[in-house]
1. Checking the conditions here, which among Ala3, Ala29 is modelled with pLDDT under 85 and touching a helix residue (DSSP H, G or I) at 6+ places or on another chain (Cβ under 6 Å)?
2. Give Asp108, Asp115, Asp97 a once-over and let me know the one that is assigned to a helix (DSSP H, G or I), among the acidic types (Asp, Glu), more than 16 Å from Cys194 (Cα to Cα) and at pLDDT 85 or above.
3. Only one of (1) farther than 21 Å from Ile198 by Cα; (2) over 11 Å from the mean Cα position of the chain (by Cα) fails for Ser73. Which number is that?
4. Of all residues in the stretch 11-37, which are of a type in the set (A, V, I, L, M), in contact (Cβ under 8 Å) with a residue 60 or more places away in the chain and closer than 12 Å to Leu62 by Cα?
5. Out of everything in the stretch 151-176 that is over 14 Å from the mean Cα position of the chain (by Cα) and touching a residue at least 60 places away in the same chain (Cβ under 8 Å), what residue ends up being farthest from Met92 (Cα to Cα)?
6. Could you please give the count of residues in the stretch 86-102 that are in contact with a helix residue (DSSP H, G or I) (Cβ under 6 Å, 6 or more places away or on another chain) and more than 20 Å from Gly148 (Cα to Cα)?
7. For the stretch 56-85, how many residues meet the condition of being in contact (Cβ under 8 Å) with a residue 40 or more places away in the chain and out of contact with any helix residue (DSSP H, G or I) (no Cβ under 8 Å at 6 or more places or on another chain)?
8. When you go through Ala203, Ala157, Ala142, Ala163 one by one, which is the residue that is touching an Asp or Glu at 6+ places or on another chain (Cβ under 8 Å), of a type in the set (Gly, Ala, Ser) and surrounded by fewer than 12 Cβ atoms within 10 Å (Cβ to Cβ)?
Amino acid sequence: MAAVLPTLETKEFSPHEIRIVRGTYEAMAQRGAQQISLRGIAKELGVSPALLVYHFGSKDNLLIETMHWALASTVHRIQRKIEGVTDPEQAMAALMDAVFVGPRENRDFHLIYMDLVQYAVRHESFNTLSALLHRHINDTYALVIRQGVEAGAFEAADVDVAARHVRAIVEGGFLQWLQTDDWERTHASLQRDCHEAILRLLAPRAA
(Lines give C-alpha, C1' and ligand atoms only; values in the text may rest on other atoms or scores of the structure.)
Protein backbone atom coordinates (compact mmCIF):
# COMPACT_ATOMS: atom_id res chain seq x y z
CA MET A 1 0.00 0.00 0.00
CA ALA A 2 1.32 3.44 -0.88
CA ALA A 3 1.84 5.95 1.88
CA VAL A 4 -0.73 8.72 2.13
CA LEU A 5 0.30 11.97 3.75
CA PRO A 6 -1.98 13.82 6.15
CA THR A 7 -3.79 16.76 4.60
CA LEU A 8 -2.16 20.11 5.26
CA GLU A 9 -4.77 22.83 5.30
CA THR A 10 -3.40 25.96 3.68
CA LYS A 11 -4.61 29.51 3.52
CA GLU A 12 -5.86 30.73 0.17
CA PHE A 13 -3.53 33.60 -0.69
CA SER A 14 -4.42 36.23 -3.25
CA PRO A 15 -1.84 36.83 -6.02
CA HIS A 16 -0.82 40.02 -4.20
CA GLU A 17 -0.33 38.12 -0.92
CA ILE A 18 1.71 35.44 -2.72
CA ARG A 19 4.03 38.19 -3.95
CA ILE A 20 4.42 39.48 -0.38
CA VAL A 21 5.07 35.99 1.00
CA ARG A 22 7.66 35.21 -1.70
CA GLY A 23 9.41 38.50 -1.04
CA THR A 24 9.42 37.82 2.71
CA TYR A 25 10.83 34.33 2.15
CA GLU A 26 13.69 35.72 0.06
CA ALA A 27 14.44 38.40 2.66
CA MET A 28 14.44 35.81 5.47
CA ALA A 29 16.87 33.60 3.54
CA GLN A 30 19.22 36.46 2.71
CA ARG A 31 19.28 38.41 5.97
CA GLY A 32 17.60 36.33 8.68
CA ALA A 33 14.19 36.61 10.30
CA GLN A 34 15.43 38.78 13.17
CA GLN A 35 17.12 41.29 10.86
CA ILE A 36 14.12 42.12 8.68
CA SER A 37 11.24 44.48 9.41
CA LEU A 38 7.85 45.16 7.88
CA ARG A 39 9.17 48.51 6.69
CA GLY A 40 12.18 46.89 5.03
CA ILE A 41 10.08 44.22 3.30
CA ALA A 42 7.60 46.86 2.14
CA LYS A 43 10.43 48.94 0.70
CA GLU A 44 11.82 45.99 -1.26
CA LEU A 45 8.37 45.14 -2.62
CA GLY A 46 7.52 48.75 -3.40
CA VAL A 47 4.43 48.82 -1.19
CA SER A 48 3.50 50.61 2.02
CA PRO A 49 4.05 49.00 5.47
CA ALA A 50 0.36 49.63 6.14
CA LEU A 51 -0.50 47.26 3.30
CA LEU A 52 1.49 44.44 4.95
CA VAL A 53 -0.29 45.11 8.23
CA TYR A 54 -3.65 45.08 6.41
CA HIS A 55 -2.96 41.64 4.88
CA PHE A 56 -0.99 39.95 7.69
CA GLY A 57 -1.51 41.99 10.86
CA SER A 58 2.04 41.86 12.25
CA LYS A 59 5.60 40.85 11.44
CA ASP A 60 5.25 37.65 13.48
CA ASN A 61 2.13 36.64 11.61
CA LEU A 62 3.79 37.38 8.27
CA LEU A 63 6.73 35.15 9.22
CA ILE A 64 4.40 32.37 10.36
CA GLU A 65 2.32 32.54 7.17
CA THR A 66 5.49 32.60 5.07
CA MET A 67 6.86 29.48 6.75
CA HIS A 68 3.44 27.81 6.53
CA TRP A 69 3.47 28.52 2.79
CA ALA A 70 6.99 27.07 2.45
CA LEU A 71 6.04 23.99 4.50
CA ALA A 72 2.92 23.45 2.39
CA SER A 73 5.06 23.57 -0.74
CA THR A 74 7.38 20.93 0.78
CA VAL A 75 4.52 18.65 1.86
CA HIS A 76 2.84 18.87 -1.55
CA ARG A 77 6.14 18.15 -3.31
CA ILE A 78 6.66 15.05 -1.15
CA GLN A 79 3.08 13.95 -1.83
CA ARG A 80 3.67 14.14 -5.58
CA LYS A 81 6.95 12.22 -5.28
CA ILE A 82 5.70 9.29 -3.20
CA GLU A 83 2.13 9.07 -4.49
CA GLY A 84 1.44 5.60 -5.83
CA VAL A 85 4.86 4.22 -4.81
CA THR A 86 4.30 0.87 -3.09
CA ASP A 87 7.86 -0.42 -2.81
CA PRO A 88 9.19 0.77 0.61
CA GLU A 89 12.78 1.39 -0.51
CA GLN A 90 11.60 3.24 -3.60
CA ALA A 91 9.26 5.29 -1.40
CA MET A 92 12.17 6.24 0.87
CA ALA A 93 14.30 7.14 -2.15
CA ALA A 94 11.45 9.29 -3.52
CA LEU A 95 11.10 10.95 -0.11
CA MET A 96 14.81 11.78 -0.11
CA ASP A 97 14.51 13.24 -3.61
CA ALA A 98 11.64 15.43 -2.41
CA VAL A 99 13.55 16.61 0.67
CA PHE A 100 16.84 17.22 -1.15
CA VAL A 101 15.34 19.41 -3.84
CA GLY A 102 18.47 21.41 -4.69
CA PRO A 103 21.46 23.19 -3.08
CA ARG A 104 20.09 26.74 -3.19
CA GLU A 105 16.53 25.73 -2.30
CA ASN A 106 17.65 23.59 0.64
CA ARG A 107 20.07 26.25 1.87
CA ASP A 108 17.38 28.96 1.86
CA PHE A 109 14.79 26.73 3.54
CA HIS A 110 17.07 25.55 6.34
CA LEU A 111 18.52 28.98 7.04
CA ILE A 112 14.95 30.17 7.55
CA TYR A 113 14.03 27.03 9.46
CA MET A 114 16.92 27.46 11.91
CA ASP A 115 15.84 31.07 12.49
CA LEU A 116 12.28 30.05 13.22
CA VAL A 117 13.34 27.29 15.61
CA GLN A 118 14.76 30.09 17.77
CA TYR A 119 11.53 32.07 17.42
CA ALA A 120 9.43 29.03 18.35
CA VAL A 121 11.43 28.58 21.55
CA ARG A 122 11.22 32.24 22.60
CA HIS A 123 7.88 33.46 21.23
CA GLU A 124 4.60 31.83 22.18
CA SER A 125 2.94 32.94 18.94
CA PHE A 126 5.18 30.51 17.04
CA ASN A 127 4.11 27.43 19.01
CA THR A 128 1.51 26.43 16.42
CA LEU A 129 4.14 26.57 13.68
CA SER A 130 6.46 24.34 15.70
CA ALA A 131 3.65 21.82 16.18
CA LEU A 132 2.82 21.98 12.48
CA LEU A 133 6.42 21.26 11.52
CA HIS A 134 6.55 18.35 13.96
CA ARG A 135 3.30 16.87 12.74
CA HIS A 136 3.92 17.05 9.02
CA ILE A 137 7.65 16.34 8.92
CA ASN A 138 7.63 13.55 11.51
CA ASP A 139 4.40 12.03 10.19
CA THR A 140 5.79 11.98 6.66
CA TYR A 141 8.80 9.94 7.77
CA ALA A 142 6.61 7.73 9.96
CA LEU A 143 4.25 6.87 7.11
CA VAL A 144 7.05 5.71 4.84
CA ILE A 145 8.75 3.80 7.66
CA ARG A 146 5.48 2.10 8.68
CA GLN A 147 4.92 1.04 5.07
CA GLY A 148 8.39 -0.54 5.07
CA VAL A 149 7.88 -2.28 8.42
CA GLU A 150 4.59 -3.78 7.26
CA ALA A 151 6.26 -5.05 4.09
CA GLY A 152 9.20 -6.51 6.02
CA ALA A 153 11.71 -4.22 4.32
CA PHE A 154 12.39 -2.07 7.41
CA GLU A 155 12.61 -2.84 11.11
CA ALA A 156 11.52 -0.43 13.84
CA ALA A 157 10.30 -1.31 17.32
CA ASP A 158 8.57 2.07 17.51
CA VAL A 159 7.78 3.82 14.22
CA ASP A 160 7.38 7.25 15.81
CA VAL A 161 10.76 7.00 17.51
CA ALA A 162 12.32 5.81 14.26
CA ALA A 163 10.78 8.80 12.47
CA ARG A 164 12.41 11.15 15.00
CA HIS A 165 15.76 9.44 14.41
CA VAL A 166 15.39 9.76 10.64
CA ARG A 167 14.52 13.44 10.99
CA ALA A 168 17.59 13.88 13.22
CA ILE A 169 19.82 12.35 10.54
CA VAL A 170 18.45 14.65 7.84
CA GLU A 171 18.33 17.86 9.87
CA GLY A 172 21.69 17.15 11.50
CA GLY A 173 23.17 16.61 8.06
CA PHE A 174 21.74 19.88 6.80
CA LEU A 175 22.98 21.76 9.89
CA GLN A 176 26.55 20.63 9.26
CA TRP A 177 26.25 21.16 5.50
CA LEU A 178 25.13 24.79 5.99
CA GLN A 179 28.46 25.51 7.67
CA THR A 180 30.60 24.33 4.75
CA ASP A 181 32.04 26.53 2.01
CA ASP A 182 31.41 24.00 -0.76
CA TRP A 183 27.70 23.49 -0.02
CA GLU A 184 26.72 23.50 -3.70
CA ARG A 185 29.21 20.80 -4.66
CA THR A 186 28.51 18.58 -1.63
CA HIS A 187 24.70 18.63 -1.79
CA ALA A 188 24.44 15.37 -3.76
CA SER A 189 26.86 13.57 -1.41
CA LEU A 190 24.87 14.84 1.60
CA GLN A 191 21.70 13.30 0.18
CA ARG A 192 23.50 10.03 -0.49
CA ASP A 193 25.05 9.92 3.00
CA CYS A 194 21.72 10.65 4.73
CA HIS A 195 19.88 8.09 2.62
CA GLU A 196 22.46 5.40 3.35
CA ALA A 197 22.43 6.20 7.09
CA ILE A 198 18.62 5.92 7.16
CA LEU A 199 18.67 2.57 5.36
CA ARG A 200 21.26 1.27 7.85
CA LEU A 201 19.12 2.49 10.74
CA LEU A 202 16.02 0.73 9.39
CA ALA A 203 17.66 -2.41 8.05
CA PRO A 204 16.09 -5.64 9.40
CA ARG A 205 18.33 -7.28 11.99
CA ALA A 206 19.69 -10.75 11.32
CA ALA A 207 17.81 -13.46 13.24
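The values are calculated or read from the model by the stated rules, or taken from the named source; none is laboratory data. For clarity, every value in this text was computed on a predicted model and none was experimentally measured. Please note: Cβ atoms are built from the backbone with ideal geometry, for glycine as well, and neighbour counts cover all protein chains shown.
1. So the residue among Ala3, Ala29 that is modelled with pLDDT under 85 and touching a helix residue (DSSP H, G or I) at 6+ places or on another chain (Cβ under 6 Å) is Ala3.
2. Asp108
3. That leaves (2) as the condition not met.
4. Answer for the stretch 11-37, where residues must be of a type in the set (A, V, I, L, M), in contact (Cβ under 8 Å) with a residue 60 or more places away in the chain and closer than 12 Å to Leu62 by Cα: Met28, Ala33.
5. Here the answer is Ala151.
6. 1
7. 5
8. Ala203
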